[in-house]
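Every read-out reported here was derived from the displayed coordinates using simple, explicitly stated rules and does not represent laboratory data. If you're wondering where the values come from, they're calculated on a predicted model, not measured in any experiment. As a convention, Cβ positions derive from the backbone with ideal geometry for all residues, glycine included, and neighbour counts pool all protein chains shown.
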Amino acid sequence: GKYRVVSTKPMPGTRWINLLIQQDCRVEICTQNKTILSVEDIIALIGDKCDGVIGQLTEDWGDALFSALSKAGGKAFSNMAVGYNNVDVNAANRYGVAVGNTPGVLTETTAELAATLSVAAARRIVEADAFMRGGLYEGWLPHLFVGNLLKRQTVGVIGAGRIGSAYARMMVEGFKMNLIYYDLYQATRLEKFVTAYGQFLKANGEQPVTWKRASSMDEVLREADVISLHPVLDKTTYHLVNKERLAVMKKEAILVNCSRGPVIDEVALVEHLKANPMFRVGLDVFEDEPYMKPGLADMKNAIVVPHIASASKWTREGMATLAALNVLVYHLYKK
Ligand code: GLV
Ligand code: GLV
C-alpha cells in the first residue's frame with residue numbers, strides 16, 4: 001500500500017478495511033489490550049510515516065497528536081463518532097490535518113436508545129427486573145411499580161438537531177406525546193411532522209398532538225414531563241443542567257441524556273435524585289467516564305448504561321465505513 005492508515009481500535013465489519021485496501025492503503029489496527037489509549041500510545045502508533053488515523057472519542061486529539069501526525073506526513077483524521085468534543089479542531093487546522101466525524105448513520109440508533117431510556121424510566125423497568133430476579137415478587141398488587149403514562153404528556157427536547165428531532169418524532173408518534181423543544185434554530189421539518197400527525201389523529205376522532213418551540217430552556221424544563229438532552233458539548237453547554245435548572249423541573253419528571261456527560265452537573269443530579277425519589281433519569285453518558293459520581297450507582301431512580309447509544313451493528317459498521325471514507329477522501333482528492 002502506498003498510504004499507511006492507522007485505526008486506534010479494531011472496528012466492526014470488514015467494509016471499512018476493504019475500502020481502504022482497494023484504494024492502495026495499508027491498514028494497521030492497534031490491538032493493544034487496553035481500553036483507552038494514552039497520547040503516548042497513539043504517538044507510538046503514528047510512528048514516522050502515517051497518512052491518516054481513525055481515532056475514538058475516548059482519545060484526546062489536541063496539539064500533541066496532530067503535531068505527531070503532521071510530522072509523520074499525515075493529512076487526515078477521523079473520529080469514529082458524531083461528537084468531536086475530544087478533538088481540538090483549531091489544533092488540527094494549525095497542523096494542516098483535515099478532521100472528519102460520522103454523522104447520519106447513528107441518528108436513529110441513538111434516538112432509539114433515548115426513547116428506550118425514556119420508556120424504561122417511565123415504567124421503572126430496571127427496578128422491576130431487579131425485584132423479580134431478587135425473588136421479591138409475591139403476587140400482583142394495585143400499587144406495584146406504578147409508573148408514568150406517556151400518552152398526552154409532554155416530551156421536551158433540548159437540541160432539536162438530527163438526533164433530537166428523530167427522538168421527538170418517535171415519542172410523538174409512538175406515544176402520542178405533545179412536543180416542546182428548545183434550539184437556537186427552528187426545527188421546521190419536525191414542526192411540520194407534528195402538525196401533520198396531529199391532523200391525522202384529529203381526522204380519526206382523536207385529540208391532536210401539539211408542538212411548541214420554547215423561547216428559553218427553562219420553559220422546556222418547567223413544562224415537560226420527559227426531557228431528553230441532545231446538544232453538542234462545548235463551553236456553552238457545560239453543566240447546562242445544574243442545580244438551579246434541576247429545581248425548575250417537575251418533581252416527577254424524567255431526564256434522559258445520550259449526548260455528553262458534562263452537559264449535566266452530575267454531583268447536583270445525585271443530590272436531586274436523593275431529594276426527589278419520584279424524579280427519574282436515564283443516563284448513557286457520564287461526567288468522568290468510565291466513572292460515576294459517588295452515590296449515583298445506589299439510586300433506584302436512575303438507569304445507567306455505558307455509552308451505548310450508537311451501539312447497533314448496522315450503525316457501528318456504518319460509523320467505521322464513514323470514518324474510513326473520511327481519511328480516504330483526502331488522498332483520493334489529491335490524486
Ligand atoms: C458517540 O457518543 C458519538 O458521538 O458518536
Ligand atoms: C392487570 O393485569 C389487569 O388485568 O388489569
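Note on Asn18 and Glu271: the model spin-label points, each 7 Å out from Cα along the C-beta direction, lie 5.5 nm apart.
The loop-placed trypsin sites (Lys or Arg not before Pro) in the stretch 1-53, going by DSSP, that have at most 14 neighbouring Cβ atoms within 10 Å of their Cβ come out as Lys2, Lys34, Lys49.
The helix-based estimate of mean residue ellipticity at 222 nm for the chain, built from -39,500 (n - 2.57) per DSSP H run of four or more residues and divided by its residue count, is -12000 deg cm²/dmol to the nearest 500. With both labels modelled 7 Å from their Cα along Cα-to-Cβ, the Val89 to Lys235 distance reads 1.5 nm. For the stretch 107-304, the square roots a ≥ b ≥ c of the C-alpha gyration tensor eigenvalues yield an a/c of 1.5 or more together with a/b not exceeding b/c, which makes the shape oblate. For Glu206 and Ala44, FRET efficiency with R0 = 51 Å and r from the beta-carbon atoms, rounded to 0.05? Efficiency, from the Cβ-Cβ distance: 0.25. Between amide H atoms placed 1.01 Å from N, distances below 5 Å from Ile227 occur with Gly156, Ile254, Leu255, Val256, all of them 5 or more places distant or on a separate chain.
Name the residue, out of Asp88, Asp298, Asp183, whose mean-square fluctuation peaks in a Gaussian network model built on the chain with Cα pairs under 10 Å. It is Asp298.
Among Val89, Val248, the ranking by other beta carbons within 10 Å of each residue's beta carbon, starting with the fewest, stands as Val89, Val248. Between Leu136 and Arg26, full extension at 0.36 nm per residue minus the direct alpha carbon distance yields a gain of 33.9 nm.
Of the listed pairs Lys243/Lys274; Lys176/Lys251; Lys176/Lys300; Lys212/Lys251; Lys34/Lys313, which have alpha-carbon separations greater than 18 Å here? From Lys243/Lys274; Lys176/Lys251; Lys176/Lys300; Lys212/Lys251; Lys34/Lys313, over 18 Å: Lys176/Lys251; Lys176/Lys300; Lys212/Lys251; Lys34/Lys313. Ordering Thr35, Thr195, Thr110 from the fewest to the most neighbouring beta carbons within 10 Å gives Thr35, Thr195, Thr110.
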